[in-house]
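What follows is one structure encoded as structure tokens, with my remarks underneath.
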Amino acid sequence: MKEGNNGGYANDWLIADRKTGEIASLELGLKHVNLWRTRDGYFVGSNYPIEPALAKDETDFPINDRNQSANARHIRWDQLMRENKGRIDVSLGQKFLADHFDSFSEKTQPSERTLCGHVELSERGSKPWQPPFGPAGAVQNKVADATMAEQMSLAASMGHSCGIHFKAARHLKEHPEFAWEKGTLRDLDSHPWTVFKIAK
Ligand SMILES: [Zn+2]
């Protein structure tokens, strides 16, 4: 994955070997490439750079701002990993992705700071990416365990998996500043988790 890397899609790639139980995280920057691997741990991701040197040299990301969406979600992921150590399965994974606990305010309230991302409900938006109430956030969810991976299968839920629908007409009425999106902005309903499999 390092070969020919031009930094065009700097990202953190999560990799798992279902035969050995080993998992890995490859942080692929341009100047810095970091690999972590474990057989008894976890890796989480929520749009934040991991290694301080990479963050400093390659981004202007505020790594210490707990109010920032990516950092607030990172803190929440770590909390959930600690609380559920040793018993994480597909159904818990689904629960995590619909999580509305805000690690910054310590309240259950969906926003840009929650794992089930709801920028559209946030008076802060998600700067510098989205203005207040910007129609953005989690739009689909996927979970798989090792057995499902072996069978080329995954569980997926379109829209917010928490059950909250996004209705374009209502959003544009409440937030007319997005009227310019009319005609393009569509409803995004919450759909139930569905298991997808390859044809036999
Ligand atoms: Zn939600």
Worksheet item: Is it true that residue 153 is in contact with a Leu (Cβ under 9 Å, 6 or more places away or on another chain), in the same structural domain as residue 123 (by TED's automatic domain parsing) and not charged (D, E, K, R)?
Response: no
*asked:* Condition first: among the charged types (D, E, K, R), touching a residue at least 24 places away in the same chain (Cβ under 8 Å) and within 18 Å of residue 71 (Cα to Cα). Can you find one or more residues in the range 2-13 that meet it?
replied: yes
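Take the conditions modelled with pLDDT under 95 and either surrounded by fewer than 17 Cβ atoms within 10 Å (Cβ to Cβ) or within 16 Å of the ligand (Cβ to nearest atom) (or both) and apply them to residue 150. Does it pass? Can you show your working first?
Values: modelled with pLDDT under 95: yes; either surrounded by fewer than 17 Cβ atoms within 10 Å (Cβ to Cβ) or within 16 Å of the ligand (Cβ to nearest atom) (or both): yes.
The answer is yes for residue 150.
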Checked the range 140-166 for anything in contact with a strand residue (DSSP E or B) (Cβ under 6 Å, 6 or more places away or on another chain) and closer than 20 Å to residue 77 by Cβ; matches are 140, 141, 142, 143, 144, 154, 155, 156, 157, 161
Taking the range 162-184 and keeping only residues that are away from the ligand (no atom under 16 Å from the Cβ), hydrophobic (A, V, I, L, M, F, W, C) and surrounded by 16 or more Cβ atoms within 10 Å (Cβ to Cβ), one is left with 168, 172, 178
- prompt: If we scan the range 128-143, do we find a residue that is more than 22 Å from residue 97 (Cβ to Cβ), exposed (fewer than 13 other Cβ atoms within 10 Å of the Cβ), at pLDDT 95 or above and more than 16 Å from the ligand (Cβ to nearest atom)?
  reply: no
Restricting the range 80-103 to residues that are over 23 Å from residue 21 (Cα atoms) and in contact with a strand residue (DSSP E or B) (Cβ under 6 Å, 6 or more places away or on another chain), the one nearest to the ligand (Cβ to nearest atom) turns out to be 100
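If you check 48, 42, 9, which single one turns out to be aromatic (Phe, Trp, Tyr), farther than 26 Å from residue 87 by Cα and either within 20 Å of the chain's Cα centre (by Cα) or at pLDDT below 95 (or both)? I'd like the intermediate steps shown before the answer.
Numbers: 48 fails: farther than 26 Å from residue 87 by Cα; 42 fails: farther than 26 Å from residue 87 by Cα.
Exactly one of 48, 42, 9 is aromatic (Phe, Trp, Tyr), farther than 26 Å from residue 87 by Cα and either within 20 Å of the chain's Cα centre (by Cα) or at pLDDT below 95 (or both), namely 9.
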Of the listed residues (117, 159), the one being within 22 Å of residue 69 (Cα to Cα), surrounded by fewer than 20 Cβ atoms within 10 Å (Cβ to Cβ) and within 12 Å of the ligand (Cβ to nearest atom) is 159
Touching a Lys or Arg at 6+ places or on another chain (Cβ under 7 Å), assigned by TED's automatic domain parsing to the domain that holds residue 72 and of a type in the set (S, T, N, Q): is that true of residue 122 in this structure? no
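Going by the structure shown, is residue 40 in the same structural domain as residue 7 (by TED's automatic domain parsing), more than 25 Å from residue 159 (Cβ to Cβ) and not hydroxyl-bearing (Ser, Thr, Tyr)? Outline the logic, then answer.
Values: in the same structural domain as residue 7 (by TED's automatic domain parsing): yes; more than 25 Å from residue 159 (Cβ to Cβ): yes; not hydroxyl-bearing (Ser, Thr, Tyr): yes.
Considered against the rule, which asks whether it is in the same structural domain as residue 7 (by TED's automatic domain parsing), more than 25 Å from residue 159 (Cβ to Cβ) and not hydroxyl-bearing (Ser, Thr, Tyr), residue 40 comes out as yes.
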Among helices (runs of 4 or more DSSP H) entirely within the range 1-118, at least 3 residues that are under 22 Å from residue 163 (Cα atoms) occur in 69-83, 90-97
> Any residue in the range 104-114 that is over 30 Å from residue 22 (Cβ atoms), more than 13 Å from the ligand (Cβ to nearest atom) and in contact (Cβ under 8 Å) with a residue 12 or more places away in the chain?
Replying inline: yes
Residues of the range 140-165 being touching a His at 6+ places or on another chain (Cβ under 7 Å) and either in a strand (DSSP E or B) or of a type in the set (Lys, Arg) (or both), in sequence order, are 157, 158
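The values are calculated or read from the model by the stated rules, or taken from the named source; none is laboratory data. Quantities reported herein were computed from a predicted structural model and do not represent experimental measurements. Because the Cβ atoms are built from the backbone with ideal geometry, glycine has one as well, and the counts that use them run over all protein chains shown.
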